[in-house]
Amino acid sequence: MAIAVPIPDRITVQEAQELLTAVQQMLELRRISMDAGKRTVYFRDSAPKALAARQIFTSLSRSRAQL
């Protein structure tokens, strides 16, 4: 299964890349990629893993520490 997830405007492409690395390591995903121009992340793996990756990435990209 392949899922495309937009990168929220409130995070930078570099921050999104760091989140992708964390999600990939947590779930041991086969394939992830990012299109910085379209600000989109692509997860490709079995359906449960791809859906979990989308949920985790979305959740992590929402919560940002405030000082």
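Taking a probe of 1.4 Å, how large is the accessible area per residue of the chain, in Å²?
Accessible area per residue: 68 Å².
Helix-derived [θ] at 222 nm for the chain: sum -39500 (n - 2.57) over DSSP H runs of at least 4, divide by residue count, nearest 500?
So the calculated ellipticity at 222 nm is -15000 deg cm²/dmol.
Net charge around I3, counting only other residues with Cβ within less than 12 Å of its Cβ (Lys, Arg = +1; Asp, Glu = -1)?
Result for the local shell: +3.
Given Cβ point charges of +1 (Lys, Arg) and -1 (Asp, Glu) and nothing else, what value in debye, to the nearest 20, does the dipole of the chain about its Cα centre take?
Using only the charged Cβ atoms, the result is roughly 160 debye.
For Cα extents along the principal axes in Å, one of (1) 46, 33, 19; (2) 39, 28, 18; (3) 37, 24, 15 was computed from the structure I shared and the rest are decoys. Which label?
Answer by label: (3).
Using the Karplus curve 6.51 cos²θ - 1.76 cosθ + 1.60 with θ = phi - 60°, what ³J(HN,Hα) values do you get for each residue of the stretch 15-23, in whole Hz, with x for Gly and Pro?
5, 4, 4, 5, 5, 4, 4, 4, 5
With every protein chain kept in the model, how would you rank D9, D35 by accessible area, 1.4 Å probe, largest at the top?
Descending order: D9, D35.
Given the options T12, A50, L60, identify the residue whose Cα lies farthest towards the positive end of the charge dipole of the chain (+1 on Cβ of Lys, Arg; -1 on Cβ of Asp, Glu).
My answer, from the dipole projection, is A50.
The values are calculated or read from the model by the stated rules, or taken from the named source; none is laboratory data. Bear in mind the structure is a predicted one, so any value in this text is a computation, not a measurement. Neighbour counts run over all protein chains shown; Cβ positions are idealised from the backbone, glycine included. Ligands, DNA and RNA are excluded from the accessible area calculation, which covers all protein heavy atoms including side chains. Shrake-Rupley method; radii C 1.70, N 1.55, O 1.52, S 1.80 Å.
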